[in-house]
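What follows draws every value from the coordinates through simple rules; no lab data is involved. Everything numeric in this text was worked out from a predicted model, so none of it was measured. Methodologically, a virtual Cβ is constructed for each residue, glycine included, from the backbone with ideal geometry; neighbour enumeration extends over all protein chains shown.
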Amino acid sequence: MSNDDFLNPNPINPKDLFDNEKYNTIILNTNNNISITDQIDTLTNNDIPFEVRDQILHNLKQKNCIKELISAIESSANEIDKSKIIAACWESGLDFSEHLLFFTTLALSKNIQISIEAITVIENCENNISNTIITQALSIANSTNNMNAELKNDLLKALNNLLKL
């Protein structure tokens with residue numbers, strides 16, 4: 001028995017990684033041949049490895065895929081998937097300041113996970129937003145009575161913090 005066998009008694013055969021019966025392998029290469037839409041769809045998969053998720057988020061930021069993420073959110077009928085795509089917005093490090101009203105509306109969702117993720121996107125807005133837009137967002141947030149009180153307070157706090165930027 002060699003030292004390598006001792007250190008790794010059950011080595012993985014690289015060919016097995018491409019066997020769909022044994023593993024779900026997503027190949028991301030430096031050419032980024034996988035469409036942005038497919039990469040975003042992959043983020044809704046619970047079983048993707050951290051490294052793959054991290055690479056997809058990096059690709060989204062590098063390609064400034066704000067419009068694609070917004071489109072994916074708008075077209076997602078599944079609330080669990082929608083919340084994961086919204087989470088990808090802030091996890092990617094992209095700035096969604098231009099879409100403050102869109103995320104304010106999402107934050108009013110009855111789905112708590114969607115609300116939390118949308119508020120987090122708002123908290124991560126970095127660019128200056130006009131006070132007019134922030135005031136509109138505050139008006140939208142204040143007009144709802146259907147939202148969890150704690151989440152509403154978090155939303156109002158995040159919006160008021162934008163006024164201070």
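Multiplying the residue separation of Glu79 and Asn160 by 0.36 nm and removing their Cα-Cα distance gives an extension gain of 26.4 nm. Site pair Asn142 and Asp38 shows an inter-label distance of 4.9 nm when each label is modelled 7 Å from Cα along Cα→Cβ. Pairs with C-alpha atoms separated by more than 19 Å, drawn from the list Lys67/Lys110; Lys67/Lys164; Lys84/Lys110; Lys61/Lys84, are Lys67/Lys110; Lys67/Lys164.
Within the P(r) computed for segment 16-163, what percentage of the Cα pairs occupies the region above 29 Å?
When every Cα pair of segment 16-163 is considered, 22 percent fall beyond 29 Å.
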